[in-house]
Amino acid sequence: MVFNSLTFAVFFVGVLVLHNLPFPWWIKKLNLLVASYLFYAAWNPPFVLLLWASTVVDWLVARQIHREEAHSRRKAWLFVSLAVNLGFLGFFKYGNFLLDNWQALMSAMGVHFHRPEWNILLPVGISFYTFHSLSYTLDIYWRRAEPIPKLFDFALFVAFFTQLVAGPILRIADLVPQFKRPRTATRDQLCWGLVLMTFGLFEKVVLADGVFAPAADAVYRVKGPVSALDAWFGTLAFSGQIFCDFAGYSIIAIGAALCLGFNIPNNFRFPYSAIGFTDFWRRWHISLSTWLRDYLYIPLGGNRKGEARTYFNIIITVVLGGLWHGANWTYVIWGSVHGAYLAVERWIRQRAFRWRLPSGPAFNLFLMLLTYALLQITWVLFRARSFPAAMTMFGAMAGLHAHPVNVLPTVKILETLVCSVGLLSVQWYMRDRTLEDVITVLSPRLVATAWACMAFAVIITQGRGDAFIYFQF
């Protein structure tokens, strides 16, 4: 069940109606929990047991960690949580990847190894709900939070359907306190939630699937080299596609939660307006970048153990963040490149005071465009199915191939150019603003007209009904 489907529309209306009926609060929460499990079961019913197992184990382990005073026993219980969560994630997400690489290593050493033919299905959203659940036991272990008394509330936190499959990655402080008192949306919350859902659907259906995806798919499905123009515009198209796809999902999730009376944090803050890569990761997939900062980078020592260790911590954190995205060496290299960008940027910033660099809006705009251009290199690694395919695309972007294939028609190149420039312009304008700030100063009639136009565009667009890109992670 995807947000951009009629099935979800019917499902959500049913959930909304039940949530606004005069039931006791515990029954409304039960309705939400059952609806969340039904939402997840629509993908593959047996995997609900996996979600439930992770939930029960972490709730019980967190209680034991809180009760124990001996550090060794607290650490032993934490190890149980880590083993279960990372064990599930490792088996289902990285099992085939590890077997393939072990077979390649054995072959390189001259050892014949025939790997077992395991057909391991990846449970949708496992990377997200694993991090939801694991953050709870880590917070209890570090005494950042108190245990949740009721398994019921913790289960609803982990499984809450709006953010279950592709985030945002929540902490208990983001959602669980809202379960204490009855919550239904006010009129303003309901209207604002529906506006956000419509805007998110517009980003996904019209922009990601309708405008950007055809150009990106046409270029990246070619097995041989393409022209330099096609390589660049195919990558620009994917850059627009992945933002509109993932940001669209997050906005729909936030809007759906708001329609039910819940507030969940923003996951994007106009990332293509970033000036540098530190700024980019403060704006892109915010819930993941802050999770990696708080649960990996800082525990590794952060920037407290000298310059060399700081650079190591930056790189290893982003590399593991790349591996979180998928079981493929392209994601590892993608994370490595981002780590290198961050390390070089830190080195430059520490020495920039000695240099007389320009300043002002024009220079900031130049830095934004430079950051965006360098991002395109990383998106090649993210989109390509293999490292050789990525190298072929890099060669095409550099114009190194003798007989490239022309893929994109002129009209598709112009469409990608216009929409990419439009996307960048909007993000630059919104860099230090919020959507709420802009909408509140507009006339209600203009807002209603824009809302109706977006809804109409979503309805008439012949979308392909694609699942969201981050569902595979």
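What follows is calculated from the coordinates using simple rules that are stated; it is not laboratory data. Owing to the predicted nature of the structure, the values given are computational and were not obtained by experimental measurement. Note: ideal-geometry Cβ built from the backbone for every residue, glycine included; neighbour counts use all protein chains shown.
Ranked by the mean number of other Cβ atoms within 10 Å of their residues, highest first, the peptides 325-331, 361-367, 134-140 fall in the order 134-140, 325-331, 361-367. The distance from the alpha carbon centre of segment 137-153 to that of segment 367-442 is 42 Å, rounded to a whole number.
Return the calculated 222 nm mean residue ellipticity for the chain, to the nearest 500 deg cm²/dmol, obtained by summing -39500 (n - 2.57) across DSSP H runs with n ≥ 4 and dividing by the residue count.
Values: 19 runs with 305 residues, N = 473.
Rounded to the nearest 500, the figure is -21500 deg cm²/dmol.
Inter-label distance, Arg351 to Ser443: 5.6 nm, where each label sits 7 Å from its Cα along the C-beta direction. Pairs exceeding 24 Å between alpha-carbon atoms, taken from Lys29/Lys204; Lys29/Lys150; Lys223/Lys412; Lys28/Lys93; Lys204/Lys412: Lys29/Lys204; Lys28/Lys93. Rounded to the nearest whole Hz, the Karplus-based 3J(HN,Hα) values (6.51 cos²θ - 1.76 cosθ + 1.60, θ = phi - 60°) of segment 163-177 follow the sequence 10, 5, 8, 9, x, x, 7, 9, 9, 4, 5, 6, 9, 4, x, with x at glycine and proline. Other residues within the sphere of radius under 15 Å centred on the Cβ of Glu415, judged by their own Cβ, net out at -2 (K and R +1, D and E -1). Rg over Rh for segment 52-198 works out to 1.11, both radii taken from alpha-carbon positions and Rh defined as the Kirkwood radius. Cα centroid distance between segment 273-331 and segment 232-255, in Å? Result: 21 Å between the Cα centres.
Return, ordered by residue number, the residues of segment 338-378 whose backbone nitrogen is under 16 Å from a label point located 7 Å along Cα→Cβ of Glu307. Inside the label zone: 343-355.
Between exposed GluC sites (Glu not before Pro) in the chain, where DSSP calls loop and at most 13 other Cβ atoms lie within 10 Å, what's the longest gap? It would help to have the intermediate numbers written out before the result.
Details: sites that count: Glu69, Glu117.
Maximal segment without exposed cleavage sites: 118-473.
Close amide-amide hydrogen proximity is noted between Val226 and Val405, each under 5 Å apart and 5 or more residues distant or on a separate chain (H modeled in the peptide plane; Pro and chain starts excluded).
Below 8 Å, C-alpha to C-alpha, sequence gap of six or more: please give me the relative contact order for the chain in percent.
Numbers: 598 pairs, mean separation 90.8, N = 473.
Rounded, it is 19 percent for the chain.
Placing unit charges on the Cβ atoms of the charged side chains and taking the dipole of segment 189-472 about its Cα centre, the candidate lying farthest along the positive direction among Trp451, Tyr297, Trp329 is Tyr297. For semi-axes √(5λ) of the Cα gyration tensor in Å, several values are listed as (i) 60, 32, 20; (ii) 34, 31, 24; (iii) 44, 28, 19; flag the one computed from this structure. Given (i) 60, 32, 20; (ii) 34, 31, 24; (iii) 44, 28, 19, the structure-derived one carries the label (ii).
For the chain, hydrophobic long helices are taken as DSSP H runs at least 30 Å long by C-alpha position along their axis with mean Kyte-Doolittle hydropathy of 1.0 or more; these are 228-259, 361-383. In a fully extended conformation the segment linking Ala402 and Ala53 would gain 120.1 nm over its present Cα-Cα distance, using 0.36 nm per residue.
Using the Cβ of His285 as centre and a radius below 13 Å, the other residues enclosed give a net charge of +3, where K and R count +1 and D and E count -1. Counting only lysines at least 8 places from Lys305 when in the same chain, those with an alpha carbon closer than 24 Å to its own are Lys75.
Taking Cα centre as origin and charging only the Cβ of basic (Lys, Arg, +1) and acidic (Asp, Glu, -1) residues, the dipole magnitude of the chain rounds to 1080 debye.
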